[in-house]
1. Taking GLY84 and the conditions (1) touching a Leu at 6+ places or on another chain (Cβ under 6 Å); (2) among the small types (Gly, Ala, Ser); (3) surrounded by 13 or more Cβ atoms within 10 Å (Cβ to Cβ), which numbered condition does it fall short on, given that it satisfies the others?
2. Pairs needed: first member in region 56-77, over 17 Å from ALA107 (Cα atoms); second member anywhere, of a type in the set (Asp, Glu) and loosely packed, with under 14 Cβ neighbours inside 10 Å; C-beta distance under 9 Å; at least 6 residues apart or different chains.
3. Can you pull out the residues in region 94-113 that are within 20 Å of the chain's Cα centre (by Cα) and small (Gly, Ala, Ser)?
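Read-outs: derived from the displayed coordinates by stated rules, not from any lab. The shown structure was predicted, so the numbers you read here are calculated from the model rather than taken from an experiment. Cβ sites come from the backbone with ideal geometry, for glycine too, and all protein chains shown count toward neighbours.
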Amino acid sequence: MVRRSLLPPARARPPMDSALATVNIVLLLIFFFLTTGTLSTPQQVVVTLPDTSTLPLDMLPKPLLIVGADGDLTLDGAPVTRGGLAAALGDDPTLHVLADRSGNAGALLDILADEDLIAVQVRLVTVHRKTTKDAE
């Protein structure tokens with residue numbers, strides 16, 4: 001006689017899904033870094049404006065457009081009317097701009113936008129003044 005067990009037959013276990021454990025670990029790490037990390041405070045940005053004065057034009061890059069505080073334009077020492085910069089510049093692909101320190105950046109952008117400068121690279125020129133810290 002063959003004995004039969006009163007227990008039902010053992011079922012095969014389904015394979016372990018590790019996705020849930022991975023999600024739990026990632027969430028725990030996120031919570032850990034959120035609670036232990038410190039929020040950085042935005043630092044105040046200090047902008048030092050360029051200082052312009054009477055400079056020897058032969059030491060500066062060419063062509064040089066000098067924009068005065070009142071909006072007057074000078075290209076390489078010769079006065080230029082507004083709207084006539086493209087004609088005075090010719091085929092030169094680069095324009096160096098030296099703006100007065102007290103001038104408005106928006107006004108400078110308006111002046112450059114009024115000109116018909118096609119395929120001209122505009123570079124701002126700044127002058128480095130030696131301070132007592134630099135001299136040491």
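1. (1)
2. Final answer for the pair search is LYS62/ASP92; PRO63/ASP92.
3. The answer is ALA105, GLY106.
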